[in-house]
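Scroll down for the structure; my scribbles are underneath it.
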Amino acid sequence: MQAYQHCTLCPRACGVDRTAGARGFCGASDTMYVGRAALHAWEEPPISGTRGSGAVFFTHCTLGCVFCQNRTISRRTAVRGRPVTPARLAAVFLELQAQGAHNINLVTASHYAPSVCRALRMARRDGLRIPVVYNCGGYETVETLRLLDGLVDIYLPDFKYYSTYYAGLYSGAPDYPDVAREALTEMVRQTGAPQFDAAGLMTRGTVVRHLMLPGLAGDTAQVLRYLAEHFGDRILVSLMRQYTPFGMEAYPELDRKITDSEYEDAVHLFSDLGLAGFLQDGESISESFIPAFDGQGV
């Protein structure tokens, strides 16, 4: 595809010709690779529902988070995963729907966006009727997001950092905060406010995730304030405490879990700001969420 010949699909805008074997920051070629496709029960409740979300995990990533839990498929040198054509990916979507998935959940797909869009069009032509979720790190260009306009129903981005310093230190992307703000604005423009069906499952909207990191309570507070001020009830916010350290020898400040008091302080601010969304129960590693709506419920 032409977009891969001078790749600017992510904010790094490497400009490499992926069709000729060149690799940019993410390490992806012009062939899609999928690490896993299966029903996934550990998203927020209105996305996982009772039967699970049809998650498709793509290999490689445009970020370089030192604490990444999916590094076996996300790193530039990742070798796990299987190549898929757009036609095969469309078939996977339909297979997940047949298995009872409440939605199709595209996990870290921006570097394959043109191929994914093609697959979604094929699948919809052939009977895909469940919502499509775009699950990403928040490091997206507006131009790439516009390719997805009309194809994605629910955006599930991270908003990892408010600080350019921490974004550069821990994810190799000092421009992350500015990029994420613009990306989130475009996502909300496309989806509008959250919508749900009669069973409480999300059919449209944007859920913003923020994973708390050790010692970055001040950054978390700035993220929450920004989201409340700029988006209010047009989004849901998922405040996550599941950070689990491993291999953090080079970053000793991150070599611990979030404390109860750190999370409780963030929850109080979440409530004071009038945010709606989801909280996590205890030191959750399994991503179990508690709805934290502002009286509206689902």
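On a per residue basis, the chain carries 42 Å² of accessible surface, using protein heavy atoms and a 1.4 Å probe. Over the chain, Cα pairs under 8 Å with separation of 6+ residues give a relative contact order of 14 percent. Shown here: the range 162-226, whose C-alpha atoms stretch 43, 23, 19 Å along the first, second and third principal axes, sorted largest to smallest.
The accessible surface of the range 4-132, taken with every protein chain in place and a 1.4 Å probe, is 51 percent carbon and sulfur.
The slack in the chain from Thr259 to Asp175, taken as 0.36 nm per residue of separation less the alpha-carbon distance, amounts to 27.4 nm. Taking every C-alpha pair closer than 8 Å and separated by at least 6 residues, the mean separation divided by the residue count of the range 127-214 gives a relative contact order of 32 percent. Remark: the range 239-282 is approximated by an ellipsoid whose semi-axes, taken from the C-alpha gyration tensor as √(5λ), come to 25, 10, 8 Å, largest first.
Which is the longest stretch in the chain that no exposed loop site breaks, taking sites as GluC sites (Glu not before Pro) with a DSSP loop state and at most 14 other Cβ atoms within 10 Å? With GluC sites (Glu not before Pro) excluded where exposed in loops, the chain gives 1-248 as its longest stretch. Looking at the square roots a ≥ b ≥ c of the eigenvalues of the Cα gyration tensor of the range 41-131, which shape do they give, rounded for a/c under 1.5, prolate if a/b is larger than b/c, or oblate? In terms of gyration-tensor shape, oblate. I'd like the antiparallel share, as a percent to the nearest 5, of DSSP beta bridges with both residues in the chain. Counting only bridges with both partners in the chain, antiparallel ones make up about 40 percent.
The values are calculated or read from the model by the stated rules, or taken from the named source; none is laboratory data. Note that the structure is predicted; figures quoted are calculated from it, not measured. Don't worry about glycine lacking a Cβ; one is built from the backbone with ideal geometry, like all the others, and counts go over all protein chains shown. Just the protein is used for accessible areas: all its heavy atoms, side chains included, with ligands, DNA and RNA removed. Shrake-Rupley method; radii C 1.70, N 1.55, O 1.52, S 1.80 Å.
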